[in-house]
1. Going Cα to Cα from residue 86, which lysines come in below 22 Å? Please leave out same-chain ones fewer than 8 positions away.
2. Under the Kirkwood approximation for Rh and a Cα-based Rg, what ratio Rg/Rh is obtained for segment 1-42?
3. In the neighborhood of residue 66, defined by Cβ-to-Cβ distances under 12 Å, what is the net charge if each Lys or Arg adds +1 and each Asp or Glu adds -1?
4. Explain nothing, just the number: dipole magnitude of segment 1-112 about its Cα centre with +1 on each Lys and Arg Cβ and -1 on each Asp and Glu Cβ, in debye rounded to the nearest 20.
5. Expressed as a rounded percentage, what relative contact order does the chain have, with Cα pairs under 8 Å and six or more residues apart?
6. Which number do you get for Rg(Cα) / (2.2 N^0.38 Å) in segment 58-112?
7. For segment 92-111 and segment 1-53, compute the distance between their C-alpha centroids and round to whole Å.
8. How large, in percent, is the carbon and sulfur part of the accessible surface of the chain at a probe radius of 1.4 Å?
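The values are calculated or read from the model by the stated rules, or taken from the named source; none is laboratory data. What you see is a predicted model; the values in this text were computed from it and never measured. Neighbour counts run over all protein chains shown; Cβ positions are idealised from the backbone, glycine included. These area figures cover heavy atoms from the full protein model, side chains too; ligands, DNA and RNA do not enter into them. Shrake-Rupley method; radii C 1.70, N 1.55, O 1.52, S 1.80 Å.
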Amino acid sequence: QVQLVESGGGLVQPGGSLRLSCAASGFTFSTYAMSWYRQAPGKERERVAITGTGGTTMYADSVKGRFTISRDNAKNTVYLQMNSLKPEDTAVYYCYAVKAQYGYWGQGTQVTVSS
């Protein structure tokens with residue numbers, strides 16, 4: 001069955017870095033666009049970054065220049081490198097795989113930015 005398993009979240013001080021990973025299985029990873037979303041308490045889920053099947057990328061304005069999304073099709077894994085973290089980046093981060101009418105979510109990983 002389809003599985004998306006995120007890892008790499010945790011507690012980090014403002015200005016610090018984290019790298020999130022999302023390991024996928026159960027579908028043809030290379031043919032799906034992969035994205036990262038986040039949801040802070042009391043807020044709607046928002047897309048942070050997306051990478052297409054050809055490696056193109058797009059970012060939310062709030063993370064441009066600080067976050068980098070990448071994918072390794074050989075490992076069926078998508079990454080989110082997060083630098084210069086701010087308290088407002090605190091949220092549960094989810095990976096999402098999408099292709100046409102098919103979409104799959106991971107279970108999420110908590111990122112907390114606090115001193």
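1. Residue 86 reaches 43, 64.
2. Values: Rg = 13.4 Å, Rh = 12.7 Å.
Rg/Rh for segment 1-42 comes to 1.06.
3. Numbers: positive: 64, 86; negative: 61, 88, 89.
Summing Lys/Arg as +1 and Asp/Glu as -1 gives -1.
4. Numbers: 11 positive and 7 negative charges, 24 e Å.
Dipole of segment 1-112, to the nearest 20 debye: 120 debye.
5. So the answer I get is 36 percent.
6. For segment 58-112, the normalised Cα radius of gyration comes out at 1.25.
7. 6 Å
8. Of all accessible area on the chain, carbon and sulfur atoms account for 47 percent.
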